[in-house]
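Just so it is clear, none of the values below were taken in a lab; they were calculated from the coordinates. Note that the structure is a prediction, hence the values are computed from the model and not measured. Methodologically, a virtual Cβ is constructed for each residue, glycine included, from the backbone with ideal geometry; neighbour enumeration extends over all protein chains shown.
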Amino acid sequence: MTKEPLKPREVKLMKGNEALAEAAIRAGMDAYFGYPITPQSEVLEYLTIEVPKRSGLVLQAESEVAAINMIYGASGAGGRVMTSSSSPGISLMQEGLSYIASAELPCLVVNVNRGGPGLGTIQPSQGDYFQSTKGGGHGDYRLIVLAPASVQEMADFVFDGFVLAEKYRGPVLILADGALGQMMEKVDLKAEGSLPKTVPSWATRGRSKDRDPNIITSLFIQPEKMEQINMRLQAKYKIIAEKEVRYEEYHTDDADYILVAYGLSARIVRKTVDLAREKGIKAGLLRPQTLFPFPSVRIAELAKHAKAFLDVEMNAGQMVEDVRLAVNGKTEVFFKGRMGGIIPSPEEILEELERIDEKIVAYQE
Amino acid sequence: MEDNLVLEGLEVVYHKPDTLTEAPFHYCPGCGHGVAHRLIMEVVEEMGIEEQTIGIAPVGCSVFAYHYMKIDMQEAAHGRACAVATGVKRLLPEKYVFTYQGDGDLAAIGTAETIHTVNRGENLAIFFINNAIYGMTGGQMAPTSLCHQVTSTSPYGREEKAMGFPLKMTELVAHLPGAYYVTRQAVHTPNAVRKCKKAIRNAFEYQKENKGTCFVEIVSNCPSGWRLTPLDSQKWLEENMLPMYKLGDIKLPGKD
Ligand SMILES: Cc1ncc(C[n+]2csc(CCOP(=O)(O)OP(=O)(O)O)c2C)c(N)n1
């Protein structure tokens, strides 16, 4: 197949999953391995159409287990690699992610979160927050977790994800959800080939005579050595926590109530903030764009002045634990959630906020 | 023996390949892994491809294969070597890629990866060390354990009805169109070793042709797992393993 020329910067109307796939090609992805699952199969479908005409390679694996291990191999061979799936498939990848974190291999993994547990529902959910941010697989490791809230961020975070994965030599997760994957929005796509790439010196590409063999492994059988490896990983996570926190604020300056939400929930909460302000309730939104590292420092600052926090998620209350840790008892943290693929409405969140407001006002009087 | 022993005037006819490191093998006396490692590395040296070869180690007794093989290597999760190898080979199609896997790794936990890698005809070599037991974890039953074989998890013998039949993975993959060269060898006698080396050589040579997967089973001893002396294990292998796992070529290029 004849190759198409590199694409310039373009503004398009696209589905979240397709924008993400298109961004991956533009970001110079060398290889994608994946297995179909709703609501993200468009990523694989889009890539099987585009990659042969453009650059890189795409392979439909026999399972998510195989896909993540193909990622391990191709990343170890020095490639810029990506896989994507949705919740049940991401569960199957956890063993591989633990190995990848330990062997310190850069890669981008995308979870278009659907409702669970079990086979669950194909509707959007944020039920995988714990799995994404607390390790997921065995052992002490973290993924850098990026949480897009628009089709634009579905595309932008692919570039950012590759940069972070390569900078810190580890797996980066984009945690989206079924709605972000399926909805169409305008997206400003970066020019293709704009992300520089170097072949890492540690990659297994055949040993040249002037060096020792490169070995990719996660086996360190001496506990002293294994502890050292753990210490190195923890030191890396500390640097990441200091340098890579990202969040967005909306009307937090004078807010009595800080609503915390990520991804799709944050879009809904933005509307709640507007509705609340129309009613004279001073609400503001803090939207973490990175879930690990978490904007704990900023939340602690906001906790000094806020009357209360309201954490909103499409789950039974997962990120709220991190909000409570950051607030550290300085003020009350409330939670509003819907589960199993139900998206909360701005109005029902507003009702919750009004109840909290009544309580707090009554208490103060 | 002294390291600096000089044998003046004598011609070197046999030496440790430079593609093996100085690390002493940790394998038990009589185990076939050391011989299999050496044969693979002899072939890599003879073909002069040590700079173009990437090996994938399994989880099993040979998990540390990369301590011995002086080439770039990756250590895969248990059973995932074929998927890892696929990732490497797809990215570096000009390089030689092989996996080295035990029977638990390849024929139990990694069955799906093995079959689909061969079914895609990935242009790589799979070296499958069949010792009819889980060596590393202390002698548990493997999918390739024989009927009535006593292991630590089949203490009254493998009863096929309850525990399944010995799995002939090599015959199974030979049916797949993606398989280019499939053979079963052993390393328990000098003659078997010579034939096995030839098969390993073929598996590397055929990668140049880009025609599909080369699959070499190596029937091997596990004296510790079998609870036998090395010598008795040779006998047990001949009397019990070989009737079930017949040596020889199963699929040859051009003869389907
Ligand atoms: C996911 C997982 N399950 C189980 C194990 C434990 N385990 C390590 S090696 C092994 C079996 C090894 O047997 P085989 O592949 O036949 O190789 P051998 O040691 O006989 O050479 C098992 C069960 C593991 N490491 N990972």
**Message:** Tell me whether the range A:248-364 comes out rounded, prolate or oblate; compute the Cα gyration tensor, take square roots of the eigenvalues as a ≥ b ≥ c, and use a/c under 1.5 as the rounded threshold.
**Reply:** rounded
**Prompt:** So what is log10(I(q)/I(0)) for chain A at q = 0.09 1/Å, when the Debye sum runs over its Cα atoms only?
**Reply:** -0.51
**Item:** the range B:135-218: Cα Rg divided by the 2.2 N^0.38 Å rule of thumb
**Value:** 1.36
**Complete:** Diffing the range B:199-212: the Karplus 3J(HN,Hα) column from phi (6.51, -1.76, 1.60, θ = phi - 60°), in whole Hz with x for Gly and Pro, holds 5, 5, 4, 4, 4, 7, 4, 5, 4, 5, 7, 6, 10, x
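How long are the semi-axes of the equivalent ellipsoid of the range A:150-275, defined as square roots of 5 times the Cα gyration tensor eigenvalues? Whole Å, largest first.
39, 22, 13
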**Asked** Most mobile of B:G102, B:G32, B:G87 per a Gaussian network model of chain B (Cα springs, under 10 Å)?
**Response** B:G87
**Item:** Long-range Cα-Cα pairs in chain B (distance over 24 Å), rounded percent
**Value:** 44
**Asked** What's the longest bit of chain A with no exposed trypsin sites (Lys or Arg not before Pro), using DSSP loop states and at most 10 other Cβ atoms within 10 Å as the test?
**Response** A:4-208
**Asked** Helix A:94-103 versus the longest principal axis of chain A: what is the Cα-based angle in degrees, 0 to 90, to the nearest 10?
**Response** 70
**Amide H within-cut-off set for B:C147, under 5 Å, with H built and near neighbours excluded** = none
**Prompt:** Share of antiparallel DSSP beta bridges in the protein assembly as shown, in percent to the nearest 5?
**Reply:** 25
**Fill in**
If one compares the long axis through the Cα atoms of helix A:64-76 with the longest principal axis of the Cα atoms of chain A, the angle in degrees, nearest 10, works out at 60
**Message:** Given Cα positions, please report Rg to Rh for the range B:110-256, the hydrodynamic radius being the Kirkwood one.
**Reply:** 0.99
**Complete:** Listing B:Y206, A:Y46, B:Y66, A:Y72 by rising number of other beta-carbon atoms within 10 angstrom, fewest first, gives B:Y206, A:Y46, B:Y66, A:Y72
**Prompt:** Which angle from 0 to 90°, rounded to the nearest 10, does the C-alpha axis of helix A:16-26 make with the longest principal axis of chain A?
**Reply:** 40
**Asked** Of A:I343, A:I49, A:I90, which has the largest mean-square fluctuation in a 10 Å C-alpha GNM of chain A?
**Response** A:I49
**Complete:** The set of residues whose placed amide H lies less than 5 Å from the amide H of B:M69, leaving out same-chain residues fewer than 5 positions away, is B:T21
**Message:** Taking amide H atoms as placed 1.01 Å from N in the peptide plane, list the residues 5 or more away in sequence, or in a different chain, whose amide H sits under 5 Å from that of B:M136.
**Reply:** B:C61
**Request:** With an 8 Å cut-off on Cα pairs and a minimum separation of 6 or more residues, tell me the relative contact order of chain A in percent.
**Result:** 18
**Fill in**
FRET efficiency (A:I229, A:H305; Cβ distance; R0 60 Å; to 0.05) is 0.90
**Prompt:** Dividing the convex hull volume of the Cα atoms of the protein assembly as shown by its residue count, what figure in Å³ per residue is obtained?
**Reply:** 185
**Request:** Calculate the tail of P(r) for the range A:44-196: the fraction of all Cα-Cα distances greater than 24 Å, expressed in %.
**Result:** 28
**Request:** For the range A:250-261, take each phi angle, set θ = phi - 60°, evaluate the Karplus expression 6.51 cos²θ - 1.76 cosθ + 1.60, and give the result in whole Hz per residue in order, putting x for glycine and proline.
**Result:** 9, 6, 8, 3, 10, 6, 7, 10, 9, 8, 10, 7
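Which whole number gives the average count of other chain Cβ atoms within 10 Å of the Cβ atoms across peptide A:212-225?
So the per-residue partner count for this stretch is 4.
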**Message:** For the range A:248-364, give me the percentage of DSSP beta bridges that are antiparallel, rounded to the nearest 5 percent.
**Reply:** 20
**Request:** Choose one answer from A:G16, A:G340, A:G263: the residue with the largest mean-square fluctuation in a GNM of chain A with alpha-carbon springs under 10 Å.
**Result:** A:G340
**Request:** Quick one: what are the phi-derived ³J(HN,Hα) couplings along the range A:350-357, Karplus 6.51/-1.76/1.60 with θ = phi - 60°, whole Hz, x for glycine and proline?
**Result:** 4, 4, 4, 5, 5, 4, 5, 4
